[in-house]
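Novice: Quick one: the structure is below, questions incoming.
The values are calculated or read from the model by the stated rules, or taken from the named source; none is laboratory data. All values derive from a computational prediction rather than experimental measurement. All Cβ positions, glycine included, derive from the backbone under ideal geometry; neighbour counts span all protein chains shown.
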Amino acid sequence: MPAQSDKPEIKLDAIVIGAGFSGMYMLKRLRDELGLNTRLYEAGDGVGGTWYWNRYPGARCDSESFYYCYSFSEALLQEWEWSSKYPEQPEILSYLNHVADRFDLRRNIQLETRVTSAKFDEATNRWHILTEQGEHISAQFLISAVGCLSTANVPDIKGLDSFKGDWYHTGKWPHEGVDFTGKRVGLIGTGSTGIQATPVIAAEADHLTIFQRTANFSVPARNVSLTDDLQREIKGNYDEIWRAAKAGHGGFPYIPSDRSALDYSEEERNAIYEDIWKVGGFKFLWGSFSDIMVNEKANDTAADFLRAKIRATVKDPQLAEKLIPNDHPYGAKRPPIDTNYFETFNRDNVSLVDVKKAPITEITEKGVLTADDEYELDIIVFATGFDAMTGTLLSIDIQGRNGLTLAEKWQEGPKTYLGLQISGFPNMFTISGPGSPSVLSNMPVSIEQHVEWISDCIESMREKSQNSIEATLQAESDWVEHVNEIAQMTLFWKANSWYLGANIPGKTRIFMPYAGGIPMYRQRCDEVAEKDYEGFLLSA
Ligand code: N01
């Protein structure tokens with residue numbers, strides 16, 4: 001028996017970990033369509049996953065609301081009203097709570113329950129999990145829906161404990177909120193999160209100091225309210241929206257550009273960029289030209305256009321130069337979408353500290369000490385990201401066949417077959433795991449595809465009285481090779497990003513998501529299923 005607990009074993013068909021977009025839909029499919037006795041375990045005291053934890057000021061989604069949602073229920077699509085193109089976190093959290101209620105999911109969700117270990121018993125083909133409270137649950141199937149960005153990265157900076165003020169990580173934001181009124185606030189990090197939070201904190205705080213290690217590109221979101229007319233138009237057109245989103249490279253319902261940035265004169269090209277910059281959002285990257293992420297010269301044209309926008313927006317020319325990225329291609333780090341980010345640097349109560357030039361050496365009782373100066377602060381906000389894609393899974397003691405731990409298996413970086421399974425870990429599936437499009441796509445589209453593939457697979461196993469499924473080592477290593485080959489064709493390698501694990505000291509540098517796009521990926525997953533789950537070993 002692989003698990004030790006003094007509590008009686010609870011026997012289920014399937015265990016799902018995590019109550020975000022993925023876990024809730026997985027639970028619904030397994031319970032309502034396959035009739036499996038399924039339970040979902042969630043560490044937080046509410047559902048919502050990333051939208052439960054990330055309550056920082058300015059948090060909102062970067063994909064448009066009307067397709068950053070589930071597509072599986074026409075009734076849900078028709079009844080839910082999104083207020084704007086890019087709604088704030090509370091609205092997305094209410095949507096997910098509505099989903100939990102509407103589909104009666106809560107009765108199979110156990111909140112405030114962190115799973116600490118998961119061990120596979122080869123004799124019975126069952127997983128045994130232990131929770132922090134010491135419960136012992138076993139099931140034939142274990143499905144990880146722990147999310148890709150759910151383990152906060154608080155950098156190990158000397159002296160943090162001595163700080164007399166308050167500090168917060170954006171990914172673990174207090175539910176009661178933080179009052180910045182009259183406070184001197186320091187914000188560390190200028191990724192998507194820092195860029196969303198900056199204008200909102202600046203409007204409230206007495207003074208905001210932004211500690212920037214890497215200057216970042218950003219495109220305006222251009223948020224607008226969804227009027228009744230727009231809502232009607234969207235709701236009348238949902239079939240087409242989802243058809244396009246599921247066929248789109250990144251899960252977005254617009255046609256990606258098929259023109260090269262290098263086929264146009266500078267004047268023509270900038271006119272195209274200008275038009276699409278006025279539309280805003282991710283369309284700038286995917287809708288302008290097709291070669292921005294694969295050709296450095298093409299990328300330079302987009303980067304130069306965005307650099308010019310920073311110069312035109314930030315009034316102090318020296319400050320503008322500090323805010324201009326020069327060390328990575330546009331899009332090689334996940335491109336942020338903003339509302340008045342660069343404009344905020346024109347405020348008198350905002351200052352920028354370049355911590356690449358003068359690194360942070362210590363947090364003192366008064367604030368942040370860099371190689372140049374000490375900055376006195378009342379509040380420090382860490383917008384320093386996550387141990388992405390692998391951190392949360394590796395924080396659970398997962399043991400597969402022959403006692404092989406996931407930590408051992410992934411010592412040289414994550415290895416999966418299709419981002420769905422790991423060889424040596426039978427009957428365990430990962431939703432939006434490394435090796436799948438996940439974070440490079442509009443997440444709900446990728447999540448639904450994974451959930452449906454996994455539940456179809458389990459259904460097929462049950463029909464054929466198969467007891468166990470495991471990716472073969474060969475299929476897994478072929479897939480890992482393919483994921484690397486595709487990534488090598490892109491410019492993603494040219495930035496120190498969390499896609500590569502470069503933000504976590506000591507983490508193996510390997511490109512983790514699948515960059516080949518959703519259509520190619522979906523086709524591969526479908527072919528595998530059609531060929532009786534090619535690359536998997538199934539046994540009765
Ligand atoms: O984290 P990040 P994030 N000293 O890792 C800096 C998703 N998201 O939370 O670039 C000083 O991107 C670090 O500097 P550098 C989205 O997928 C989605 O912003 O490593 N600075 C960087 O500037 C996104 O990509 C939405 O040199 C330090 C920043 O902290 C992902 O979440 C909204 C440091 C971290 O940037 C993560 O974004 C927001 C140190 N020791 C986010 N350590 C949606 O709309 C790190 N940094 C759905």
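Novice: What are the residue pairs meeting all of these: first residue in region 408-425, first residue assigned by TED's automatic domain parsing to the domain that holds C457 and free of Cβ contacts under 8 Å to residues at least 24 places away in the same chain, second residue part of a loop (DSSP other than H, G, I, E, B) and surrounded by fewer than 23 Cβ atoms within 10 Å (Cβ to Cβ), Cβ atoms under 7 Å, and 6 or more apart or on different chains?
Specialist: Matching pairs, first to second residue: K409/K415; K409/G424.
Novice: Exactly one of these conditions fails for I129: (1) touching a His at 6+ places or on another chain (Cβ under 8 Å); (2) within 16 Å of the ligand (Cβ to nearest atom); (3) among the hydrophobic types (A, V, I, L, M, F, W, C); (4) part of a strand (DSSP E or B). Give me its number.
Specialist: (2)
Novice: Now a separate question. Would you point out the residue of region 481-491, among those that are β-branched (V, I, T) and not in a loop (DSSP other than H, G, I, E, B), that is nearest to I431 (Cα to Cα)?
Specialist: V483
Novice: Residues being under 23 Å from G49 (Cβ atoms) and among the charged types (D, E, K, R): count how many of those fall in region 1-31.
Specialist: Total satisfying the criteria: 4.
Novice: Related question: Looking at (1) free of Cβ contacts under 8 Å to residues at least 60 places away in the same chain; (2) of a type in the set (D, E); (3) within 16 Å of the ligand (Cβ to nearest atom), can you tell me which one D354 breaks?
Specialist: Here D354 clears every test but (1).
Novice: Let me ask something else. All but one of (1) touching a residue at least 12 places away in the same chain (Cβ under 8 Å); (2) small (G, A, S); (3) more than 16 Å from the ligand (Cβ to nearest atom) hold for G147, so report the exception by its number.
Specialist: With respect to (1) touching a residue at least 12 places away in the same chain (Cβ under 8 Å); (2) small (G, A, S); (3) more than 16 Å from the ligand (Cβ to nearest atom), G147 is out only on (3).
Novice: Would you mind stating whether V178 is part of a loop (DSSP other than H, G, I, E, B), away from the ligand (no atom under 13 Å from the Cβ) and not basic (K, R)? Step through it out loud before you land on a result.
Specialist: Working: part of a loop (DSSP other than H, G, I, E, B): yes; away from the ligand (no atom under 13 Å from the Cβ): yes; not basic (K, R): yes.
The answer is yes for V178.
Novice: Separate question: Could you list all residues from region 153-175 that are surrounded by fewer than 18 Cβ atoms within 10 Å (Cβ to Cβ) and either part of a loop (DSSP other than H, G, I, E, B) or within 12 Å of the ligand (Cβ to nearest atom) (or both)?
Specialist: Listed by number, the residues that qualify are V154, P155, D156, K158, G159, L160, K164, G165, K172, P174, H175.
Novice: Among the residues of region 492-521, count how many are away from the ligand (no atom under 16 Å from the Cβ) and either closer than 19 Å to P426 by Cβ or not polar (S, T, N, Q) (or both). So that I can check it myself, show each step before the final result.
Specialist: Start the filter on region 492-521 by keeping residues that are away from the ligand (no atom under 16 Å from the Cβ), which leaves 508, 510, 516-521.
Adding the requirement that they be either closer than 19 Å to P426 by Cβ or not polar (S, T, N, Q) (or both) leaves 510, 516-521.
The total comes to 7.
Novice: If you don't mind, another one. Here's a check for you: in region 407-442, which residue that is in a loop (DSSP other than H, G, I, E, B) and of a type in the set (D, E, K, R) is surrounded by the fewest Cβ atoms within 10 Å (Cβ to Cβ)?
Specialist: Out of the qualifying residues, it is E412.
Novice: Separate question: Do you know which residues across region 317-336 are among the aliphatic types (A, V, I, L, M) and either farther than 30 Å from L440 by Cβ or in a helix (DSSP H, G or I) (or both)?
Specialist: L319, A320, L323
Novice: Looking only at region 337-389, filter to residues that are of a type in the set (G, A, S) and not in a strand (DSSP E or B); which one of those is surrounded by the fewest Cβ atoms within 10 Å (Cβ to Cβ)?
Specialist: A371
Novice: Could you say which residue among K309, K283, K278 is under 14 Å from S218 (Cα atoms) and in contact (Cβ under 8 Å) with a residue 40 or more places away in the chain?
Specialist: Being under 14 Å from S218 (Cα atoms) and in contact (Cβ under 8 Å) with a residue 40 or more places away in the chain holds for just one of K309, K283, K278, which is K278.
Novice: Please verify whether S460 is in contact (Cβ under 8 Å) with a residue 60 or more places away in the chain, polar (S, T, N, Q) and within 24 Å of G251 (Cβ to Cβ), treating the condition exactly as stated.
Specialist: Answer is no for this residue.
Novice: At least 3 residues that are away from the ligand (no atom under 16 Å from the Cβ) and touching a helix residue (DSSP H, G or I) at 6+ places or on another chain (Cβ under 7 Å) in each: list the helices (runs of 4 or more DSSP H) lying fully within region 3-83 that qualify.
Specialist: Where helices (runs of 4 or more DSSP H) fall fully within region 3-83 and carry at least 3 residues being away from the ligand (no atom under 16 Å from the Cβ) and touching a helix residue (DSSP H, G or I) at 6+ places or on another chain (Cβ under 7 Å), they are 21-28, 74-79.
Novice: Here's a follow-up. Out of all the residues in region 94-101, is one or more part of a loop (DSSP other than H, G, I, E, B) and either surrounded by fewer than 22 Cβ atoms within 10 Å (Cβ to Cβ) or touching a residue at least 24 places away in the same chain (Cβ under 8 Å) (or both)?
Specialist: We begin by selecting, within region 94-101, every residue part of a loop (DSSP other than H, G, I, E, B); these are none.
Scanning region 94-101 turns up no residue that is part of a loop (DSSP other than H, G, I, E, B) and either surrounded by fewer than 22 Cβ atoms within 10 Å (Cβ to Cβ) or touching a residue at least 24 places away in the same chain (Cβ under 8 Å) (or both).
Novice: Take the residues in region 189-207 that are assigned to a loop (DSSP other than H, G, I, E, B), in contact with a strand residue (DSSP E or B) (Cβ under 7 Å, 6 or more places away or on another chain) and at negative phi, then tell me which one is farthest from the ligand (Cβ to nearest atom).
Specialist: As a first pass, look at region 189-207 and keep what is assigned to a loop (DSSP other than H, G, I, E, B): 189-191, 206.
Narrowing further to those that are in contact with a strand residue (DSSP E or B) (Cβ under 7 Å, 6 or more places away or on another chain): 189-190, 206.
Now restrict to residues that are at negative phi: 190, 206.
Working: T190: 4, D206: 23 Å.
Looking at the filtered set, the residue picked out is D206.
Novice: While we're looking at this one, here's another question. Quick check on this structure: which one of G165, G134 is on the phi > 0 side of the Ramachandran plot and modelled with pLDDT of 95 or more?
Specialist: Within the list G165, G134, the selection yields G134.
Novice: Also, quick follow-up: Having 3 or more residues that are farther than 30 Å from V353 by Cα and among the aliphatic types (A, V, I, L, M) is the bar; report the helices (runs of 4 or more DSSP H) wholly within region 208-309 that clear it.
Specialist: Because the criterion is at least 3 residues that are farther than 30 Å from V353 by Cα and among the aliphatic types (A, V, I, L, M), the helices (runs of 4 or more DSSP H) in region 208-309 that meet it are 238-247, 266-279.
Novice: Restricting to region 106-125, and then to whatever is of a type in the set (K, R) and without any contact (Cβ under 8 Å) to a residue 60 or more places away in the chain, can you tell me which residue is farthest from G44 (Cα to Cα)?
Specialist: Selected residue: R107.
Novice: Right, here's the next one. Please go through region 446-455 and pick out each residue that is of a type outside the set (S, T, N, Q) and either surrounded by 24 or more Cβ atoms within 10 Å (Cβ to Cβ) or within 25 Å of N125 (Cβ to Cβ) (or both).
Specialist: Correct list: I447, H450, V451, E452, W453, I454.
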